[in-house]
Structure formats: structure tokens, C-alpha cells
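Undergrad: To start, I am sharing the structure in question, which I have written as C-alpha cells.
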Amino acid sequence: MQATPFGRDELINEVANEIKKGKHLVLTGAVGVGKSTVLRAALKSVERRVSERRHFNPLTESTGVPDPNPQQCRRRQQTRILIYITESQAKAQFVQIAKRLLETGILKPSALHLAKRYDIIPPAELEWAELQRTVNRLGIRDLSSAIIPAIYAYEGKVLVAVDDMTNLTPTQQAFWLAIYEHAQVVTCASSRKSGLNKLWWKMKAIEVPTLKPDAVMALVRDYIAQQGMMIESPELYIGHVVKQANGNPQAIMDMLSESAKERVVNKQQIRAMRHAAGVSYLDFTPVMILFGVAIVSTRYLAMGIGDTALYILAGIGAALFLAVRFLFMKGAGRATG
């Protein structure tokens, strides 16, 4: 279940306004903070016909002023095409773009190395199941060589909304930069890799912050009511979720969906609820560095003044330092494994 964008109205309006201006956008923020939810909500406010099930309806451009030429207005309303990409891997993303362009007739099947007989078939009648295997065999270079000229030749506008570009690599950057030249791109990224600076420089970054406690409380109460959850102490439960989730919508929904499995949530179960989002970690790296420098300096000092006892003491400290460092590294490996 997707978290409802409680407390996000101003942010959604900001994103929608930037989309209407034709800006390239990247929504940033921690994993699970709700970047994709905000993006979808903003797209819906730009074009309300975009549904959860199908993201590929044309976007209309309306100024609110009656057009003196209704036929021309109707033609203009069909000139901007939305391509919503749910895949996270670059190759699959380009396949999804090609699929959408085939559906709209912007891209000819033969441009994707498909048989020319498909070119005379109306786009709405093309069976993707027949074409998918051939298209999937193409590399990103072949896909982009077909996609980019098609977008460039299209007389309208193309809006590409990418659910996640966090995994994009520097070698794939050039292909996306070429698309940026001819289409508007809006996306989400949990982190912006330094090797992709040319890409990020073209985009306006909007941070999606964690939810405020009041918004979390509203979200939890709404979920409890909708699911009809039986909770022994509702206020204790709500306060505990607020503390453990730390404003992260995904963490909130994880805890709520887990609790919804219980017939009755009692106080003992509430107190036992935990989530990684509510755990704070201290970074001991600077302390370890300073400690290591101090040990090395002490050993050199002991050698310089000929103090054997100090030298032995520094050696013991070095051994302890290496042991502690090993334990920290092993613990970190388990945490990330």
C-alpha cells in the first residue's frame, strides 16, 4: 500500500508548477521518504486523467482562457505525451520509453529493428507481446538511436517521468543527456552520484523532507480508521509509531501493515514495535582516526626519547585499536549485509 501524501500539499503544488514550466526536475531525499508518491501526485494535479493503473495518458495544456479556435485547441491538447517509467535499471527504462512511443505512433516499429510489416499496423493494434522479445535484445545505444530521432521529429512535447534514477551509471549518462535535449525529464533519486554531475546540473533539485509529527499522526489515525484496527491504547500506539518511524512514510506503512495483521494490538506489542528508521547511529570514524594518529605519534615520540615503557604502552594501544577497528568493521558488514 502506498502512503497517502499527508502534509505534502505545498510540496506537491511546487513540483506541479515546475513541471508546468517545463523544467527538468529531480526529487531528492532518503529511501522511503515518499519521493515517488509526491511525483505521482504532482503529475495527477497537472493531468488528472493520469490514473494509478495507467500513467500513459496525454497531458493537456490549459491556460484557463477560452480558445477562439476549438479545433486548434483540441489538437494542442494532444501534443504533450507523458511517459511514466517504473523500471529502475537503465536498459529497462529505455525499453519502456520505446514501448510508449510505439503506442502513440511517434516511433515506427522498423526503427527498432522490427519487421516493416508492423509499420502499416495502427499503433493501437500492435501487440507488445509479439514485439517485446526483439526490442529487449537491443542495447541502450540501439534503443536511443531509435528513440531520440523520434522524439526530435515529434511536433508536440514529451514529458518523461522516471520513478527512480538512483542506479544510473556514468556510462549511461550520455544517453539520458541526449533525451534531455528533446524532452522534459522529471525523476527521483535517493542519492546523486558525483559521476553524473552533467545530468544533475540540468535539473532543479527539490528535496522531499520527512513528515512532521502532526502529519504522521493524521496518517496513522486515518489508517487505523480505514482498516478498523483494534488497539488497546490508541494514543500510546500513535505516539510509538511517530517516534519509531522518524517521519519516514515507508517506515510508517511498514509498521502499520504489520500491526494490522494482529486481531488486537495490546500494550506489550506496542512497546515491542521497532523500526530501523527510528534508530540513531553515531559516526565514530573521526574518533577512530584521532585515536590512531595519537597512537602512532606516541610510538614515534617514545622512540625519539628512548622511553621503553611508553613505547610498549603505545604498542598495546595499537593492538587494542586494531582489535576495536576489526570489531567495528565486522559489525558494519553485518548491518549492511
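Undergrad: Give the number of residues within the range 321-337 that are exposed (fewer than 12 other Cβ atoms within 10 Å of the Cβ) and either at pLDDT 80 or above or not aliphatic (A, V, I, L, M) (or both).
TA: 7
Undergrad: Kindly list, by first and then second residue, each pair from a residue in the range 251-264 that is in a loop (DSSP other than H, G, I, E, B) to a residue that is among the charged types (D, E, K, R), limited to pairs with Cβ atoms under 9 Å and residues at least 6 apart or on different chains.
TA: 264/232
Undergrad: Right, another one. Kindly provide the set of residues from the range 234-265 that are surrounded by 14 or more Cβ atoms within 10 Å (Cβ to Cβ) and among the polar types (S, T, N, Q), ordered by number.
TA: 244, 246, 248, 250, 259 - these are the residues of the range 234-265 that are surrounded by 14 or more Cβ atoms within 10 Å (Cβ to Cβ) and among the polar types (S, T, N, Q).
Undergrad: Just give me the residues in the range 81-100 being in a helix (DSSP H, G or I) and either open to solvent by 50 Å² or more (accessible area, probe 1.4 Å) or closer than 23 Å to residue 42 by Cβ (or both), in sequence order.
TA: Pass one, the range 81-100, residues in a helix (DSSP H, G or I): 90-100.
Hits for the range 81-100 are 91, 93, 96, 97, 99, 100.
The values are calculated or read from the model by the stated rules, or taken from the named source; none is laboratory data. Source: prediction; values computed, not measured. Reconstructed Cβ throughout: ideal geometry from the backbone, glycine too, with neighbour counts over all protein chains shown. Accessible surface areas use protein heavy atoms only, side chains included; no ligands, DNA or RNA. Shrake-Rupley method; radii C 1.70, N 1.55, O 1.52, S 1.80 Å.
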